[in-house]
Amino acid sequence: MTTDCSPSPAPSPGAPLDHGTLRGLLGAWALDACSDEESAQVEAHRTVCRSCSEEASRLRNAAGWLSADEPLDPDPKLRGSVLARALARRAPRFPVPGYTEVYIAETARLDALLRDLGEPDWRESAELRWHSGSELLRPAEVLCHLTAVDGLLAVALGLPDPSAGAGLGERTALLRERSLRRSPESVRAQWRAQTRAVVATAALAEALDEDDRAGPGPAGDVPVDYGAFRIPVRTAFLDRAFECWIHADDIAEAVGYPYDPPRSSHLRQLIGLAAQLLPTALAALRAAGNASLTAWQDPAFGDPRGPRAVRLIIEGRGSGEWLVPLEADAPVPPPDTEPVAVLAVDGVEFCHLAAAHRDADRLPCGITGDRAAARDLLHAVRLLSRP
């Protein structure tokens, strides 16, 4: 059997185009790259073919985002749709690790915000808040801070340190000093290049781990040294995503730009990280003498049932439930553990409390059981913020 591989003859001018040809012209039509005759046939075909009409509408909407005059954030569903189609045709050589997903999304959202800033906006001051105080920084200085702390993640992955030569407390100050001689766009470019580099390096490292099972272990388990503590790379990506969102919100507030919280599935991961760190924060609250004296703190009140915990119920965006042990060295209790208290709070409000943007004593919440234990937990949440 033989196959004729010669190209089909081009349709003669004015001849009606078939369905396959018209569907292939939809992308060009969306970009206004068709001839008048082709455009007329595409538009006529849309009135009788529902699938082509829907595809044409999606492509035209997507083309609208390519305009330099409209740099606003596109619908998140559009990015997913484009990626899904691209990956269906060609799989990535090095798939990005799942633990980088939230970081990728939040750095992209901040970058979109920065693209919209005009020259006066770069001179505005954003208030960055921590449980121990606050500081006014211009957007470029905020990027210096993000670059400096992201640099700890970069170092763990074997990348250059943008704050090389500076101690942990001087990293941001060093980059801020250097930024005085640079344009805001240059500072933004350095920050953005580093965000992409850490993701690409993590992806490559995970791919190499797959090829070398006798190696040191998954890249996500490599420790990142924050000075006072160390966390694995996979956790550091979530930590950096959280700070990126919060400081993007700080910048947006300073310039009067609306800025939404992360999508629900991403917010749930960030809340999960906070829940994981809360027992250590509770220990710090007690060490500072700021915790309530309740039975669960006193060694004389041993509990034969095992570790005691507060059930944290997150409502709204990022909804879920977590059992938070009340001791730093206690294991996570089994799901059927009877908590000493139940604390219900909105997900976005909980995250803003973790960023020291809310007052623990004024946060709307529901509490049943040991109110002192639940209140201590709220005050410990605020300690998760740091410069």
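The values are calculated or read from the model by the stated rules, or taken from the named source; none is laboratory data. Note that the structure is predicted; figures quoted are calculated from it, not measured. Note that we place each Cβ from the backbone using ideal geometry, even for glycine, and neighbour counts take in every protein chain shown. The protein model used for the area step is the full one, side chains on, heavy atoms only, and it has no ligands, DNA or RNA in it. Shrake-Rupley method; radii C 1.70, N 1.55, O 1.52, S 1.80 Å.
General observations
- Residues whose amide H falls under 5 Å from that of Ala126, counting only those 5 or more places apart or on a different chain, are Leu137, Arg138, with hydrogens built in the peptide plane.
- J(HN,Hα) series, the stretch 382-387, from Karplus relation 6.51 cos²θ - 1.76 cosθ + 1.60, nearest Hz, glycine and proline x: 5, 6, 5, 6, 7, x
- Accessible-area value, Asp260, 1.4 Å probe, nucleic acids and ligands omitted, Å²: 100
- Here is the tail figure for the stretch 141-213: Cα pairs spaced more than 22 Å apart come to 26 percent of all pairs.
- Sum of side-chain charges, Asp359 neighbourhood, beta-carbon under 13 Å (Lys, Arg +1; Asp, Glu -1): +3
- The alpha carbons of the stretch 93-219 stretch over 52, 32, 31 Å along the principal axes, in descending order.
- Heavy atoms of Arg317: accessible area, 1.4 Å probe, square angstrom to 10: 90
- DSSP finds beta bridges in the stretch 313-387, and of those with both partners inside it, around 65 percent are antiparallel.
- With the whole protein complex present, Trp130 retains an accessible surface near 30 Å², based on a 1.4 Å probe.
- Per-residue HN-Hα couplings for the stretch 137-147 [Karplus 6.51, -1.76, 1.60; θ = phi - 60°; Hz; x = Gly/Pro]: 9, 6, x, 5, 6, 4, 5, 4, 5, 4, 4
- Once you reduce the stretch 116-150 and the stretch 227-295 to the center of their Cα atoms, the two points are 18 Å from each other.
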